[in-house]
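Peer 1: There's a structure below that I have some questions on.
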Amino acid sequence: MGDSSGKIDVDKLISYSDDLVAVLKEKRDINILTQCLDKSKALRSSCDADFNEARTLLEDHQKKIDECKQKTEKAKLEVPADAELDLLQKELDAEHEKNVC
């Protein structure tokens, strides 16, 4: 007993081939397929343009975010710590007391 799953029904294959040939012979069908192809190319081009614009905007925003992070870190380094501020305030208060008395 052989495996019948590998066998091709020749009659069905011929029928499918005939149907395909009939579809391709119809000028209207070919025109519709051509229009669909043209529209899909235009859609693809539009999608590519939108994607590139979105990617550019995203890269610009990422650069701005990175710049803000750098500025924030720089500002943090320039601001004295709370302990240092307390010490300076105490020194200022002490100087003020000396001048008042």
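Peer 1: Suppose R0 equals 25 Å. What FRET efficiency, 1/(1 + (r/R0)^6) with r the Cβ-Cβ distance, do residue 17 and residue 37 give to the nearest 0.05?
Peer 2: 0.65
Peer 1: Provide the net charge surrounding residue 34, with neighbours chosen by a C-beta distance below 14 Å and charges set as Lys +1, Arg +1, Asp -1, Glu -1.
Peer 2: Summing Lys/Arg as +1 and Asp/Glu as -1 gives +1.
Peer 1: Same structure, new question: As I understand it, the value is the acute angle between the Cα axis of helix 82-100 and the longest principal axis of the Cα atoms of the chain; what does it come to in degrees, rounded to 10?
Peer 2: It is inclined by approximately 30 degrees.
Peer 1: Within the set of other residues whose C-beta is less than 13 Å from the C-beta of residue 54, count the net charge using Lys and Arg as +1 and Asp and Glu as -1.
Peer 2: Net local charge, residue 54 excluded: -4.
Peer 1: Moving on. Compute the Rg/Rh shape ratio of segment 8-100: radius of gyration over Kirkwood radius, all on alpha-carbon atoms.
Peer 2: 1.74
Peer 1: Under the Karplus relation 6.51 cos²θ - 1.76 cosθ + 1.60, θ = phi - 60°, what is the ordered set of whole-Hz ³J(HN,Hα) values for segment 59-66, x standing for Gly and Pro?
Peer 2: Values, residue by residue: 5, 4, 5, 5, 4, 5, 4, 5 Hz.
Peer 1: Mind checking which lysines have their C-alpha under 21 Å from residue 76, skipping anything on the same chain fewer than 8 residues away?
Peer 2: 63, 64
Peer 1: Residue by residue through segment 42-55, what is 3J(HN,Hα) from phi via Karplus (6.51 cos²θ - 1.76 cosθ + 1.60, θ = phi - 60°)? Round to whole Hz and write x for glycine and proline.
Peer 2: 5, 5, 4, 4, 5, 5, 4, 5, 4, 4, 5, 5, 5, 5
Peer 1: So what's the back-of-envelope 222 nm ellipticity for the chain, counting only DSSP H runs of four-plus at -39500 (n - 2.57) apiece and dividing by all residues, rounded to 500?
Peer 2: Estimated from H runs of four or more residues: -31000 deg cm²/dmol.
Computed from the coordinates by the stated procedures, all read-outs in this text should not be read as laboratory data. Nothing here was measured: the structure is a model prediction, and the numbers come from that model. Quick reminder, even Gly has a Cβ in these numbers, built from the backbone with ideal geometry, and neighbours come from all protein chains shown.
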